[in-house]
Amino acid sequence: MTIWGIIIILIVIIAAWLIAVYNSLIKSRNRVEEAWSDIDVQLKRRYDLIPNLIETVKGYASHEKETFQKVTEARSQAMGAETIEEKTQAENMLSETLKSLFAVAENYPDLKASQNFLKLQDELTDTENKIQAARRFYNGNVRDFNTKIQIFPNNLIAGMLGFKKYDFFEVETEQEKEVPKVKF
């Protein structure tokens, strides 16, 4: 009876531990997915602001069609990106094209004084700040999840149950890491 009792107790302890590890991994994965959703919300807000910004700048700088085309294409590419890697590359490209749009605006004093442009610029700046905060939140959750599935003995269970490492959402090149210098 005692050997069977010990075996049953060990089986119960191991089962409880497996359930606890599994539930912990699920909670962490859900946090990562929630954090990614936060990024998507802010990116959608940025996508919605860009056409208004382009139209405002077009009214003052109609001959800058190439710049408008690049911003529009970058926005479309970013909206269509599927994976985190594609999204990262597309968002970095969109940020670069937005810098060129603001550089065009710098040459038009009337545009810089336009209340509509200033309001859109403030909203875009606020959105960019929120995107950065959402990226940090996402990357923190990814770090925690990846650590959790890589440490022993969790890595054994995570591997058996198919938990995969998430990629960070980060800026890729040194040029993209530079702070944009926009003067109005």
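Can you tell me which residue within the range 1-26, out of those that are surrounded by 12 or more Cβ atoms within 10 Å (Cβ to Cβ) and free of Cβ contacts under 8 Å to residues at least 24 places away in the same chain, is nearest to the chain's Cα centre (by Cα)?
Here the answer is 26.
Only one residue in 164, 183, 148 is at pLDDT 90 or above and part of a loop (DSSP other than H, G, I, E, B), so which one is that?
So the residue among 164, 183, 148 that is at pLDDT 90 or above and part of a loop (DSSP other than H, G, I, E, B) is 164.
Residue by residue through the range 144-163, note down the ones that are within 15 Å of residue 34 (Cβ to Cβ) and surrounded by fewer than 18 Cβ atoms within 10 Å (Cβ to Cβ).
144
Residues are listed down the side, and each one gets a yes or a no for (1) among the hydrophobic types (A, V, I, L, M, F, W, C); (2) touching a residue at least 40 places away in the same chain (Cβ under 8 Å); (3) farther than 22 Å from residue 18 by Cα; (4) out of contact with any Ser or Thr (no Cβ under 8 Å at 6 or more places or on another chain):
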| position | (1), (2), (3), (4) |
| --- | --- |
| 115 | no, no, yes, yes |
| 120 | yes, yes, yes, no |
| 131 | yes, yes, yes, yes |
| 146 | no, no, no, yes |
| 151 | yes, no, no, yes |
| 159 | no, no, no, yes |
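Filter the range 37-58 for residues that are more than 24 Å from the chain's Cα centre (by Cα) and touching a residue at least 12 places away in the same chain (Cβ under 8 Å); which is surrounded by the most Cβ atoms within 10 Å (Cβ to Cβ)?
Checked the range 37-58; the qualifying residue surrounded by the most Cβ atoms within 10 Å (Cβ to Cβ) is 57.
Return yes or no: is residue 131 within 22 Å of residue 169 (Cβ to Cβ), at pLDDT below 85, aliphatic (A, V, I, L, M) and within 14 Å of the chain's Cα centre (by Cα)?
no
Identify, by number, the condition in (1) without any contact (Cβ under 8 Å) to a residue 24 or more places away in the chain; (2) under 18 Å from residue 168 (Cα atoms); (3) part of a helix (DSSP H, G or I) that residue 92 doesn't meet.
(1)
Taking the condition of being small (Gly, Ala, Ser) and surrounded by 19 or more Cβ atoms within 10 Å (Cβ to Cβ), how many residues in the range 86-120 meet it?
Number satisfying all stated conditions: 2.
Quick one: which of 102, 68 is assigned to a helix (DSSP H, G or I) and without any contact (Cβ under 8 Å) to a residue 40 or more places away in the chain?
68
The values are calculated or read from the model by the stated rules, or taken from the named source; none is laboratory data. From a predicted model like this one, the values you see are computed outputs, not experimental measurements. Glycine also receives a Cβ, built like all others from the backbone with ideal geometry; neighbour counts cover every protein chain displayed.
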